[in-house]
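Everything below concerns the one structure shown next.
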Amino acid sequence: MGPRKAAEQFRNKTPDASGYRVTLFGSLAATGAGHLTDKAILEELTPQAKTDIIWKPDVFLPFHPNAMLLEALDKDGNVTESDTVYSIGGGDIVHEGESRSGSDEQVYDMNTISEILKWCEETGRSFWEYVDICEGPDIWNYLREVWKVMKEAVERGIEAEGVLPGGLGLRRKAVSYYVHATGYNPSLKSRGLVYAYALAVSEENASGGMIVTAPTCGSCGIVPAVLYHLSTSKGFSEQRILRALATAGLFGNVVKHNASVSGAEVGCQGEVGVACAMAAAAASQLFGGTPAQIEYSAEMGLEHHLGLTCDPVCGLVQVPCIERNAYAAARALDANLYAAFSDGRHTVTFDRIVEVMKQTGHDIPSLYKETSQGGLAAIR
């Protein structure tokens, strides 16, 4: 999604180009084919001019491992315009010379959960109300669209069958899990349905279907699985689901601001781990958790994924990514339940876990951060 956005912006900036050359660096090149990066770029640029893609997986630019150089060419092959862009996770991009937040204005005046939690305790309000105050009323139409896309991805995914593209020969499992779940007692049925919903969305992503980055494509099944399950099994209203989504997004944005959600930068802990934290916070809110319990749920969701590597087989977002979504969705519900038995007080704050996650990610060798060269990826 990031490379597609970068290519679209560059195309609009260079309407007279006779050709394009795009160089992919580092992790973006190492897993680009499996992530359909080249396809996304070509779909944006080739309608305007012939496009060549150059792959340099062994060259890492200093700002971020997911880097790309876009060049516009005249009819003689001379470079007329160029732009270095970094895909920093969740579809977000940063141009050379920009800060991590790009040129976007500051929406939130507090950037840690500890600050926001203190505000909640002092005002008697909840996390979603802080989002409403900062974002304004338009956020609810946006979240309504997000929820619509999430539901549609679940419902398409539990009906689809066949083999996922990419060459691994991996069959879709969501429909099988969904059917099997209906035959179990209520407790096992509940867990089986959560698995099925997470698999459904992750398989839609692996097939190039429309999904929501929550916070990334690789972790897109976790939040919708939890919310869809609670919506259908517990009857929570759309309004309450949207408020839970606002809370989930707030926790995800705090991580993006203070650390990263890019598997290429911090490993899968920044994708699946953060998604689990977001889903746990959303579930806790839906079940009436206090702000402290919501924060505790999110903290556990991320803490217990610390150190998780990003090692996709063949660079595809399939093995181990899809199963991780199903497990993390179940973990999110467990984190909510665990926090619900407590008063919300605990030793390590969510913000501290974010700091640790960032440091852990930087300490993980690059082999295990979306290069498809180490871990499970090396078995092929």
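Structure values in brief
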read-out: Filter pass, Gln373 being assigned to a loop (DSSP other than H, G, I, E, B) and open to solvent by 20 Å² or more (accessible area, probe 1.4 Å); value: yes
read-out: Answer from Ala181, Ala153, Ala160 - the residue that is open to solvent by less than 50 Å² (accessible area, probe 1.4 Å), of a type outside the set (Phe, Trp, Tyr), more than 23 Å from the chain's Cα centre (by Cα) and at pLDDT 95 or above; value: Ala181
read-out: Residues (within 20 Å of the chain's Cα centre (by Cα) and in a helix (DSSP H, G or I)) located in segment 83-127; value: Ile113
read-out: Subset of segment 85-139 [open to solvent by 60 Å² or more (accessible area, probe 1.4 Å), hydrophobic (A, V, I, L, M, F, W, C) and either in contact (Cβ under 8 Å) with a residue 12 or more places away in the chain or over 29 Å from Ala283 (Cα atoms) (or both)]; value: Val107
read-out: Candidate set: segment 192-215, residues that are small (Gly, Ala, Ser) and assigned to a helix (DSSP H, G or I); chosen: the one modelled with the lowest pLDDT; value: Ala206
read-out: Which listed residue is modelled with pLDDT under 95 and surrounded by fewer than 15 Cβ atoms within 10 Å (Cβ to Cβ), from Ser187, Ser176; value: Ser187
read-out: Residue within segment 25-48 that is farther than 21 Å from Glu265 by Cβ and more than 28 Å from the chain's Cα centre (by Cα) present; value: yes
read-out: The lone exception for Leu367 - which of (1) open to solvent by 10 Å² or more (accessible area, probe 1.4 Å); (2) over 18 Å from Ser219 (Cα atoms); (3) modelled with pLDDT of 95 or more it fails; value: (3)
read-out: Whichever residue in segment 232-266 is free of Cβ contacts under 8 Å to residues at least 40 places away in the same chain and of a type in the set (S, T, N, Q) and, among such residues, is farthest from Ala196 (Cα to Cα); value: Gln239
read-out: Of the criteria (1) open to solvent by 40 Å² or more (accessible area, probe 1.4 Å); (2) part of a helix (DSSP H, G or I); (3) out of contact with any helix residue (DSSP H, G or I) (no Cβ under 6 Å at 6 or more places or on another chain); (4) in contact (Cβ under 8 Å) with a residue 12 or more places away in the chain, which one Lys148 fails; value: (4)
read-out: Spans of helices (runs of 4 or more DSSP H) in segment 244-349 with at least 1 residues open to solvent by 10 Å² or more (accessible area, probe 1.4 Å) and under 29 Å from Ser207 (Cα atoms); value: 263-266, 272-286, 321-340
read-out: Test: residue in segment 51-71 that is acidic (Asp, Glu), in contact with a Lys or Arg (Cβ under 7 Å, 6 or more places away or on another chain), buried (at least 18 other Cβ atoms within 10 Å of the Cβ) and part of a strand (DSSP E or B); value: yes
read-out: Qualifying positions in segment 11-23 - within 19 Å of Ile93 (Cα to Cα), among the polar types (S, T, N, Q) and outside any strand (DSSP E or B); value: Asn12, Thr14
read-out: Filtered residue count, segment 24-40, keeping only those that are more than 14 Å from Cys310 (Cα to Cα), open to solvent by 30 Å² or more (accessible area, probe 1.4 Å) and part of a helix (DSSP H, G or I); value: 2
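The values are calculated or read from the model by the stated rules, or taken from the named source; none is laboratory data. Since the model is a prediction, treat every value here as computed from it, not as a measurement. Note that we place each Cβ from the backbone using ideal geometry, even for glycine, and neighbour counts take in every protein chain shown. For accessibility, only protein heavy atoms count, side chains too; no ligands or nucleic acids. Shrake-Rupley method; radii C 1.70, N 1.55, O 1.52, S 1.80 Å.
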